[in-house]
Structure formats: C-alpha cells, structure tokens
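One structure is given here, and the rest of the page talks about it.
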Amino acid sequence: MRTIGIIGGGQLGRMLAMAAARLNFRTVILEPQPDCPAAQVANSQIVANYDDEAALAKLAEACDLITYEFENVPVAAAERLARALPVYPPPKALEVSQDRVTEKQFLNGCGIETARFHAIDDQEQLEQALADFSGIGVLKTRRLGYDGKGQRLFHHKTDDAAGAYMALGNVPLILESFIAFEREISIIAARGTDGAIACFDPAENIHRNGILHTSTVPASVGETTTAAARAAAATILEALGYVGVIGVEFFVLADGTPIVNEIAPRVHNSGHWTEAACVVSQFEQHIRAVTGLALSDGARHSDCVMQNLIGDDIEDVPAWLAKPNALVHLYGKSEARPGRKMGHVTWLI
Ligand code: AMP
C-alpha cells in the first residue's frame with residue numbers, strides 16, 4: 001500500500017486524507033500543530049515546522065510521494081523533497097502563486113488576462129501607481145494574504161493614500177486596477193501524470209467580510225464564459241507541467257469576459273460542493289491525479305449551494321442536519337473563533 005505525505009494539517013488536508021483512505025492509500029501529515037484537523041483522520045502525523053530538515057527527511061523516508069494543502073509551503077522544503085521523491089503539484093506552482101506579482105507576470109506571460117498592476121515598495125511608488133489608475137485600485141500584500149487580509153480598497157479619486165504603505169506592514173505590496181466585475185466564479189481543474197485534464201463546472205462565489213460565504217453551481221454565466229475560463233485553467237496547468245487539482249478564481253465582467261484573480265495550487269474551498277454534487281469530489285480527483293490513477297471527467301449530477309460554517313455558524317449544525325438534501329462536513333476544530341472555518345454544508349437544489 002502506498003503512502004502519501006501531505007504538508008499542512010488543516011481541513012483541506014483532512015478531506016484529502018479521507019479521500020486517500022477510500023482508495024487504499026495511507027497518509028502522513030506534516031504539521032506543527034498537534035492533533036490538527038488532518039491528523040485526526042490520517043495514519044500518522046509528524047509534528048514539526050514545514051521547513052524542519054529532520055522532519056522533511058523523516059517524511060521523505062515514510063512516503064512514496066508528497067502533496068500539500070496550502071500554497072505557503074516553503075519552496076525550499078518542497079524542492080528538497082522533490083530531490084528524493086515525487087512532489088505534486090510541482091514546486092514551481094508554489095513559487096508562482098506565493099507572490100501576487102510573480103503570479104500575474106506568469107499569467108500574463110501565458111496570454112491570460114488579469115487586473116493591471118504595479119509592484120509597490122514604498123509610499124512614493126504607491127502614489128505614482130494610484131495616479132496611473134486615476135486614484136482607484138486595490139492594494140494588497142504581495143505575499144501571505146488570504147481571505148481578504150492585508151488589503152485596502154481605494155474607491156474614489158479623493159481617497160487619502162497618506163500612510164497607506166506603512167499601514168499594510170512595511171512589506172512589498174501590489175496595487176491592482178479595480179475590476180468592476182459582475183460576479184466571481186472559480187474553476188477547479190485537474191491534470192494527471194499522463195497530461196490528461198478534467199475540469200469541474202464553474203462555481204459562482206459570494207464573499208462576506210473577505211471570506212468565501214457560498215458557492216453556487218451552476219454559475220449564472222454563459223457557455224462562452226465557461227469555455228474561456230476552462231481554457232485559461234488548462235493553459236495554466238500545461239504551462240506549469242502541473243499534476244493535481246488547482247483552483248482558479250475569476251472576475252467576470254458585464255460582457256462575460258473572465259479575468260483571472262488568483263490561482264491556488266491545491267484543492268479549493270470553492271470546490272467543496274463537488275463532494276455532494278459530483279460522482280468524484282475534488283479531493284478524490286486530486287488523489288487520483290497525484291497517484292497516477294485515471295481522472296474523473298468532473299461530471300455533476302445535481303445543482304447545489306455550498307455554504308461555509310464560520311465561527312458561531314457551527315451552532316446551526318443541528319438545523320442543517322434536519323434539512324433534506326443537505327450534507328454537513330465538520331473539520332474537527334475544538335474552538336469556534338470568529339472568522340474561523342469550522343465546516344461547510346452543501347445542499348442539493
Ligand atoms: P483576493 O484576496 O485577491 O481573493 O481578494 C479578495 C476579494 O477582494 C475578491 O474576492 C474580490 O471580491 C475583491 N477584489 C480583489 N481584487 C480586486 C480587484 N482588482 N478589483 C476588484 N475587486 C477585487
């Protein structure tokens with residue numbers, strides 16, 4: 001029986017470990033937090049930091065291949081492992097997605113449209129960049145931003161930019177042009193070791209307080225938009241020589257044009273609906289891809305809505321369980337802090 005090492009111990013690792021077990025694979029989790037959500041359902045955990053050299057050697061020894069559940073895995077750690085055993089998705093996917101400037105340069109280099117952008121290293125550059133975008137734009141940290149953290153929106157030409165560079169922590173930033181999108185969608189796509197590509201249907205995503213609230217499938221977009229989004233996902237997968245599942249987030253303009261916002265080289269929150277509405281979920285699809293098994297075609301048997309259960313939403317679980325057609329999935333987190341993803345529910349419509 002083969003063993004898959006998973007770097008990162010959150011809910012995505014948990015759902016990957018469960019999917020792996022169903023296909024007779026063992027899993028080892030590398031995660032500093034003991035009894036993390038993934039380790040609760042995996043075969044074992046190495047409790048150590050992601051860049052701990054002894055722990056990485058132990059992980060390589062214990063496993064036949066390595067994958068990961070978050071994009072901020074240290075690239076050096078992934079590269080070190082890749083010298084000993086297969087690491088999927090390839091470490092290059094981490095390098096590209098960890099920095100919003102590198103990511104946009106990569107996407108534009110593949111002919112994929114994104115927001116226009118300027119790299120910002122000080123207040124003066126910020127003011128010049130804002131002038132270039134007529135004072136309207138979205139300022140973000142280049143690295144380590146998630147769920148809308150480390151961001152500031154400039155709505156009006158008159159918004160005061162004074163002190164804005166330092167306010168985001170005196171770190172490298174990006175100013176993106178503001179995209180007046182009509183909706184946000186995402187595509188969850190997969191590429192196998194043989195180069196086969198399969199996409200799930202696009203989900204339409206609503207965010208609240210910068211965190212994904214719901215994903216609805218089908219998204220209210222036309223076939224041309226869907227085809228363009230799928231084509232962009234396929235281009236990204238090919239360009240990275242990718243193996244595994246990727247999440248690609250898009251802004252959709254009023255004319256239906258999809259513009260890539262960001263890519264996540266892993267299973268993605270906006271793909272959780274697949275466990276209820278597809279024969280094969282994104283988690284199983286990822287395990288199939290990285291182990292060289294045949295991919296599912298991503299076919300969907302039902303329409304559905306996935307909603308995240310965040311913080312106190314966990315108290316609604318009994319009510320969700322009482323509803324017909326609702327599938328509840330909880331993450332094994334003991335403390336329900338505000339903004340913390342505790343689980344999700346998908347209901348078929
Ligand atoms: P992100 O962390 O890049 O996913 O951004 C979080 C949310 O902020 C997105 O889902 C959008 O709703 C909004 N947003 C981010 N970038 C832009 C942009 N360039 N133009 C308009 N809205 C944006």
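The values are calculated or read from the model by the stated rules, or taken from the named source; none is laboratory data. Not measured: the values here are computed from a predicted model. Cβ placement follows ideal geometry from the backbone for every residue including glycine, while neighbour counts extend to all protein chains displayed.
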Would you check if L30 is among the aliphatic types (A, V, I, L, M), farther than 22 Å from E275 by Cα and touching a residue at least 24 places away in the same chain (Cβ under 8 Å)? yes
Requiring at least 1 residues that are more than 14 Å from the ligand (Cβ to nearest atom) and touching a Phe, Trp or Tyr at 6+ places or on another chain (Cβ under 6 Å), the strands (runs of 3 or more DSSP E) wholly within the stretch 100-193 are 183-191
Among the residues of the stretch 209-241, which ones are polar (S, T, N, Q) and over 16 Å from E182 (Cβ atoms)? N209, T214, S215, T235
Only strands (runs of 3 or more DSSP E) wholly contained in the stretch 231-338 count here; list those with 2 or more residues that are surrounded by fewer than 23 Cβ atoms within 10 Å (Cβ to Cβ) and away from the ligand (no atom under 16 Å from the Cβ). 304-310, 326-330
Quick test for you: out of N72, N108, pick the one residue that is surrounded by fewer than 16 Cβ atoms within 10 Å (Cβ to Cβ) and in the same structural domain as A20 (by TED's automatic domain parsing). N72
If I ask for residues that are under 22 Å from A82 (Cβ atoms), surrounded by 18 or more Cβ atoms within 10 Å (Cβ to Cβ) and not charged (D, E, K, R), which ones from the stretch 24-54 would you list? F25, T27, V28, I29, L30, A38, A42, Q45, I46, Y50
Using the structure shown, decide if D99 is without any contact (Cβ under 8 Å) to a residue 24 or more places away in the chain and within 23 Å of V260 (Cα to Cα). no
